[in-house]
Structure formats: structure tokens, C-alpha cells
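Accompanying notes for the structure given below.
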């Protein structure tokens, strides 16, 4: 489990493993986006582009799931242990935004 500092709500110290995993995921997503741009520049067929956009969206959703799970296991759990119930409200708002 990743430890959470007092300042968890504005900054977050991540383990090296968590940091590398998130950065690798974002790098792959960045590559997918560049690939989509390249497809447009080469006048690719619309359904082919749309399939790649769907794949990029799925990758972003996966990134969000990992980041959210890490947040709940560290910051949210620690705040609840400390009696900071407002963190639950913040979590609910965050989840609602993710589900738009």
C-alpha cells in the first residue's frame, strides 16, 4: 500500500513503481493519440480512426481506474482513519465527474 502524507489532497508522493506504471500508461496513450493524428494526416478511413479513438478512450479509462484505486487505498483510507469524512464527499464528486 502507498503511504499518504498530510498534504494528500494537493500533492501526492507515489512509490517508484506506481509512478513508473502511470507514466508508462500515459506514454502509450500519447503514442495512440499521435497515431490517430497521423491517420488523419494520411486521410485514413473514418471507421478506422474511430476504432483507434475508442482504443485510446479505453486506455484513458484504464488509467483512471488505476489512479482512482491507488487514491482510495492510500489517501482516502488514511483520511477516513483520521476521521476526515469530507474526503468521502470529495471521492463521490470525483467519481461522478468520471462517470459523465
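The values are calculated or read from the model by the stated rules, or taken from the named source; none is laboratory data. A quick note: this is a predicted structure, and the numbers were derived from the prediction, not measured. Using ideal geometry, Cβ is built from the backbone for each residue, glycine included, and neighbour counts are taken over all protein chains shown.
Every condition in (1) modelled with pLDDT under 95; (2) over 25 Å from residue 12 (Cβ atoms) is met by residue 99 except one, and the failing one is (2). When the test is whether a residue is part of a helix (DSSP H, G or I), surrounded by 15 or more Cβ atoms within 10 Å (Cβ to Cβ) and either in contact (Cβ under 8 Å) with a residue 24 or more places away in the chain or within 16 Å of the chain's Cα centre (by Cα) (or both), residue 25 passes it. Close contacts from region 73-100, counting a first residue that is in contact (Cβ under 8 Å) with a residue 24 or more places away in the chain and a second that is assigned to a loop (DSSP other than H, G, I, E, B) and surrounded by 11 or more Cβ atoms within 10 Å (Cβ to Cβ), with Cβ to Cβ under 6 Å and a gap of 6+ residues or different chains, come to 74/2; 74/4; 75/4; 75/8; 78/4. In region 28-64, how many are under 20 Å from the mean Cα position of the chain (by Cα) and without any contact (Cβ under 8 Å) to a residue 12 or more places away in the chain? Summing the residues that are under 20 Å from the mean Cα position of the chain (by Cα) and without any contact (Cβ under 8 Å) to a residue 12 or more places away in the chain in region 28-64 gives 7. Residues in region 35-86 that are surrounded by 13 or more Cβ atoms within 10 Å (Cβ to Cβ) and either touching a strand residue (DSSP E or B) at 6+ places or on another chain (Cβ under 9 Å) or outside any helix (DSSP H, G or I) (or both): 44, 84.
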